Amino acid sequence: MGSMPGELLQTKLYIPRLRPSLVPRPHLIQKLNQGLHLQRKLTLISAPAGFGKTTLVSEWIDGGGRPFAWVSLDERDGDLSHFLTYFVAALQTVVPNIGQRVLEILQGAQQPATDPLLTSLLNEIAAASQEFALVLDDYHVVESQPVDRALTFLLDHMPPQLHLVMTTREDPNLPLARLRVRDLLTELRAADLRFTVAESADFLQQAMGLNLTEDQIAALESRTEGWIAGLQMAALALQGPLSMRGQDDVSGFIQSFTGSHRFVLDYLLEEVLHQQPDDVQAFLLKTAVLNQLTGSLCDVLTGEANSREILELLDRANLFLVPLDNERHWYRYHHLFAELLRQRLQESATESIVNTLHIRASEWYEVNGFELEAFYHATAANDVDCALRLIEGDGLPLYFRGEAIPVRHWMESLPESEFKARPALWVTYASVLTLTGRLHDNIEEILQAAETALQDMAPDDKTNDLLGQIAANRAMLGVVKNEAEKIITQSRRALELLYPDNAPMRTTTTWTLGYAYQVQGKRAAAKEAYAETIAQSQKSGNIMTEIAAMTCMGQIQETENQLHQAAETFQRILYLVGDPPWPAACEACVGLARIHYQWNDLGAAERYAQQGLELARQLENVDTPATCGILLARVQLAQGNAAAAFTTLAEAEQFVQQKHFDHQMGAITAVRIQIHLQQGNLAAAARLAKSQDIPLSEARVKQAQGDPSAALAALEPMRQQAEANEWADMRLKVLLLQALAHQAAGEGEMAMQTVEEALALAEPGGLLRLFVDEGAPMAALLREMVRGGAASLFAQQVFAAFGDSADSPPTAQPLFDPLSERELEVLRLLTTNLTGPEIARELMISLNTLRTHTKNIYSKLGVNSRRTAVSRAEELNLL
């Protein structure tokens, strides 16, 4: 077999070929086609082993009609990422490139969230120009609740372009009753699939070439209850020694053909298997450990050089061998036959012999570039050293290449004795848990166990590299909680101990070091670390670490008020990951949202924030959803919807508390304080300011309480700190508050000088929203500057960004909770004869948004109808 993209076994995607001796089943094909015609979502073919489920579907496909994709499932598809990878790969055989970004996400180190991933895939399917079907063959082997849930989601939301077909030995854990009631399910069961007497006669006489009487056929059909595999194996037995006997012996055999299917199957396998030459029997048993068979692979297991000839012989003899490609290079055993061959192998061979077969298979797969299959057979052989070597890979570990989940599952199954014997195993296990987002597991205990084991080893380069990996993992654990000191200490230790050529770990550790510097505000050092990380990542092709470092570099450019450069960096990330973007691009989207917010492009800010939120929800243990929520709340507040902003902040806080991202609480509280101050609720703002260490918010509250001197006293040390550390973003925010405090203190000239300094800092990056968010006092200060003729072009742009409120000071509203500008616009239109939809069109907002504004207006005015709202507004002179 040639190389396969992404190391996928393409044989799992091949549609089984039809045998020339097929017994046509037109009445069943008609029923299957009827399900397609009625736009049903699922065709379920559920029956015990050997009822011809796969053969029937192959005949259906061969009849033409819509395109079909195929996945032959095995036990490893119980892993959701593995299952979805082949699910999408199969779809691509009929719709090229569909779900390509989903495949790339699944190959990432972190385990993605399922629903957003499936939503993306469903949207691509819905955009397809043709109808097609996907067959999931032998679904019973999966036995996975996550896969069941994923398929349920797909079925609930599946567009008409896709029809799902499932063959299984037992009913899946899917909402079959709901589909049945809604006429969305086509079902074929054992009773449907059993051969009739006529079909049995056709099969036995035409396909198998037996000369049986009508009574013998009827008896055999009765004994097998139309069970196709039973008929096939009975026919094989009758083709053997019994074929040389008289009709009495044949009838006697048929009469004794009773008992459970398992008993009959065991008996017939004895009859069939023992009729084969010794070399063929040995071949069957030795190759029973394989899921797919090809000549050179089988040669390695048997020690012979005639495997291709034997495979062709078995294929011609219809001995439960299924060709997987048109060239007949790859085959698989009929699942039922394979199960019994493996049972015979376990009974007849020692554990050592079976393990040797797996080891040989592992070696063949490794040489031929199928490292995951090699790993599977190494673990089946309990060859821990070989499995570890395959995990480590050649330069880039297996768990860095999208295979972290199967590696983790294997390591979870190992007894503790294996870990104690191999300290490297502890380290690898911790790395895999970290990369797959399993940070709730006790990784620190695992790392401590590794350190304890390494104490008994002689210090050498290998031991030092393992100690370096332990430190690198601890640094990664510190990133989640912004524990800068821990990150720095562990990152430096890791870089001292790691192999010079351990590029994946060294690059990741350089990034964690930069992250710690960024948290500490040491931005120059952070930029240097990120630049090195980007260079190393580009050299090794490690795009994920490159994206992480570029994201952080863009964030630092933001803090330096270099918004145009930051936007270019974030856009570069989106270009690298393609469209639709990977979840790893979530922070780039949030960065663009923040930038467009500052440019006062609220629509773009909201779109980018929503996109970032959708991507972030596909990842575990990242605080980006909270960052998105905070930004969205600011957008909602800027749009005049304080109620929605409070709701969004509450959701963000709930997420932070659930995930223990305590470092985000300050930002959430700062926005809450801003809302309370805008609504005139000074007491609530003051209480919140005391609950968190937020110096800027505390100064803002002091000024709102009418104490500008206290505000200035609090702001001065912040300004000095910002200037000493060259924190351009903090300096700009402090300057704005100082300007307003000077204005409130009657120090007009100082206020004007300070705001001019702020404008000079903001102009290169085009920051507008920082000024606008300060409201009417800032508008008044800028109005004075503009009217005095001393305003720069940028100062005029900032003033214009205030909109209508820039021309005249706002009229005080006699309401505890004043109406926002947008709510006032809605209120004015409520006085007209326009209908709700017409008002929504006039304001260019959705009808749901209009209803939200109207509900807020009613609540604030204490009314419950449009008429009374207009009347009350007139009483309060709001119109």
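Numerical summary
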item	result
Single residue of the stretch 213-233 satisfying the filter (open to solvent by 20 Å² or more (accessible area, probe 1.4 Å) and outside any helix (DSSP H, G or I)) that is farthest from H334 (Cα to Cα)	T213
One residue from Q565, Q520, Q555 being open to solvent by 30 Å² or more (accessible area, probe 1.4 Å), among the polar types (S, T, N, Q) and within 29 Å of the chain's Cα centre (by Cα)	Q555
Helices (runs of 4 or more DSSP H) within the stretch 768-879 that include 2 or more residues of a type in the set (S, T, Y) and at pLDDT 80 or above	847-861, 866-875
Residue match in the stretch 746-757 (condition: open to solvent by less than 70 Å² (accessible area, probe 1.4 Å) and under 39 Å from the mean Cα position of the chain (by Cα))	no
Tabulated pairs, the stretch 419-443, first farther than 16 Å from I405 by Cα and outside any helix (DSSP H, G or I), second modelled with pLDDT of 80 or more and of a type in the set (D, E, K, R), C-beta under 8 angstrom, 6+ apart or interchain	R422/D385
Only listed residue being open to solvent by 10 Å² or more (accessible area, probe 1.4 Å), farther than 22 Å from Q692 by Cα and without any contact (Cβ under 8 Å) to a residue 24 or more places away in the chain, chosen from Q618, Q610, Q657, Q639	Q610
Of all residues making up the stretch 815-856, the number that are β-branched (V, I, T) and more than 38 Å from the chain's Cα centre (by Cα)	6
Failed item, numbered, when Q538 is tested on (1) in contact (Cβ under 8 Å) with a residue 24 or more places away in the chain; (2) farther than 24 Å from P764 by Cβ; (3) part of a helix (DSSP H, G or I)	(1)
Of all residues in the stretch 293-316 being among the acidic types (D, E) and farther than 17 Å from H358 by Cβ, the one that is modelled with the lowest pLDDT	D315
Cβ pairs under 7 Å, 6+ apart, first in the stretch 742-755 and polar (S, T, N, Q), second crowded, with 18+ Cβ neighbours inside 10 Å and assigned to a helix (DSSP H, G or I)	Q743/A751; Q743/L781; T754/L735; T754/Q738; T754/A739; T754/H742
Conditions (1) under 30 Å from A430 (Cβ atoms); (2) in contact with a Lys or Arg (Cβ under 7 Å, 6 or more places away or on another chain); number of the one not met by L84	(2)
Lone unmet requirement of (1) modelled with pLDDT of 90 or more; (2) open to solvent by 10 Å² or more (accessible area, probe 1.4 Å) for N542	(1)
Verdict on R76 being under 19 Å from I125 (Cα atoms), open to solvent by 10 Å² or more (accessible area, probe 1.4 Å) and touching a helix residue (DSSP H, G or I) at 6+ places or on another chain (Cβ under 8 Å)	no
Members of the stretch 611-646 that are of a type in the set (K, R) and over 17 Å from L117 (Cα atoms)	R634
Which listed residue, of I470, I487, is in contact with a Gly (Cβ under 8 Å, 6 or more places away or on another chain) and either aromatic (F, W, Y) or modelled with pLDDT of 90 or more (or both)	I487
Conditions (1) in contact with a helix residue (DSSP H, G or I) (Cβ under 7 Å, 6 or more places away or on another chain); (2) at pLDDT 90 or above; (3) surrounded by fewer than 22 Cβ atoms within 10 Å (Cβ to Cβ); (4) not basic (K, R); number of the one not met by G603	(1)
Residues satisfying the stated conditions in the stretch 181-208, i.e. open to solvent by 60 Å² or more (accessible area, probe 1.4 Å) and of a type outside the set (A, V, I, L, M)	R182, D183, R189, R194, T196, Q205, Q206
Any hit, the stretch 325-341, residues being surrounded by fewer than 18 Cβ atoms within 10 Å (Cβ to Cβ), farther than 27 Å from P406 by Cα and in contact with an Asp or Glu (Cβ under 8 Å, 6 or more places away or on another chain)	yes
Yes/no for P764 being open to solvent by 30 Å² or more (accessible area, probe 1.4 Å), over 24 Å from Q664 (Cβ atoms), modelled with pLDDT of 90 or more and not in a helix (DSSP H, G or I)	yes
The stretch 730-745: number of residues that are open to solvent by 30 Å² or more (accessible area, probe 1.4 Å) and more than 18 Å from A704 (Cβ to Cβ)	2
Selection count where residues are free of Cβ contacts under 8 Å to residues at least 40 places away in the same chain and hydrophobic (A, V, I, L, M, F, W, C), scope the stretch 95-129	10
Qualifying residue in the stretch 19-40 (condition: polar (S, T, N, Q), over 30 Å from the mean Cα position of the chain (by Cα), within 28 Å of Q92 (Cβ to Cβ) and in a helix (DSSP H, G or I))	yes
Residues within the stretch 473-504 that are assigned to a helix (DSSP H, G or I) and either more than 29 Å from V656 (Cα to Cα) or of a type in the set (K, R) (or both), tallied	10
Count - residues of the stretch 135-176 that are under 18 Å from A47 (Cβ atoms), in contact with an Asp or Glu (Cβ under 6 Å, 6 or more places away or on another chain) and either small (G, A, S) or assigned to a loop (DSSP other than H, G, I, E, B) (or both)	2
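Let's see how each residue does on (1) touching a strand residue (DSSP E or B) at 6+ places or on another chain (Cβ under 8 Å); (2) surrounded by fewer than 18 Cβ atoms within 10 Å (Cβ to Cβ); (3) more than 27 Å from P16 (Cβ to Cβ):
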site: T93; (1), (2), (3): yes, no, no
site: G99; (1), (2), (3): no, no, no
site: I105; (1), (2), (3): no, no, yes
site: P112; (1), (2), (3): no, no, yes
site: L117; (1), (2), (3): no, no, yes
site: L121; (1), (2), (3): no, no, no
site: I125; (1), (2), (3): yes, no, no
site: E131; (1), (2), (3): yes, yes, no
site: D137; (1), (2), (3): yes, no, no
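Conditions (1) on the phi > 0 side of the Ramachandran plot; (2) at pLDDT below 85; (3) of a type in the set (D, E, K, R); (4) surrounded by 18 or more Cβ atoms within 10 Å (Cβ to Cβ), marked per residue:
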site: S352; (1), (2), (3), (4): no, no, no, no
site: L372; (1), (2), (3), (4): no, yes, no, yes
site: A387; (1), (2), (3), (4): no, no, no, yes
site: R401; (1), (2), (3), (4): no, yes, yes, no
site: P406; (1), (2), (3), (4): no, yes, no, yes
site: L414; (1), (2), (3), (4): no, no, no, no
site: T434; (1), (2), (3), (4): no, yes, no, yes
site: L447; (1), (2), (3), (4): no, no, no, yes
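The values are calculated or read from the model by the stated rules, or taken from the named source; none is laboratory data. In this text, all values refer to a predicted model and were calculated from it rather than measured experimentally. Glycine also receives a Cβ, built like all others from the backbone with ideal geometry; neighbour counts cover every protein chain displayed. Please note that ligands, DNA and RNA were not included when accessible areas were found on the heavy atoms of the full protein model with its side chains. Shrake-Rupley method; radii C 1.70, N 1.55, O 1.52, S 1.80 Å.
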